[in-house]
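**Q** Questions regarding the structure given below will be posed in turn.
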């Protein structure tokens, strides 16, 4: 488990879009060995270039509503796994921190509103 809604994991197609966009911005192929050769500073510098990346697919919406191009990559959402009682025997630690929100951009609230509106419009169109 992690913080968030439990519905924020990316599916493989969404993760591939992020990998291809990051690789393109870095001038490398989207493969592990190429990413492994990129210095950390250069990886951090490419993050803003991924802002606004459309992660909607033909059958999925952007699970993070455009807030981040990075998430877990799973074949089902954590909330679905919890509902199916996967890991029921594992103890769960609940807590908070004061630093998590610092990774989000200063215009977060405006971006969230826009992302929600885009998601609603997409749902209305049947995406």
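**Q** If packing is taken as the average number of other Cβ atoms within 10 Å across a peptide's residues, how do 75-82, 18-25, 62-69, 42-49 rank, most packed first?
**A** Descending mean neighbour count gives 62-69, 18-25, 75-82, 42-49.
**Q** Now for a separate question. Based only on other Cβ atoms within 10 Å, what is the fewest-to-most ordering of 71, 5?
**A** On the way: 71 20, 5 11.
Ascending Cβ contact count within 10 Å gives the list 5, 71.
**Q** OK, next. Kindly put 13, 41 in sequence by how many other C-beta atoms sit within 10 Å of each C-beta, fewest to most.
**A** Taking fewest neighbouring Cβ atoms as first place, the list is 41, 13.
FYI, it's all coordinate maths here, none of it is from the lab. Since this is a predicted model, take the numbers as computed values, not measurements. Here the Cβ is made from the backbone with ideal geometry for all residues, glycine too, and neighbour counts use every protein chain on show.
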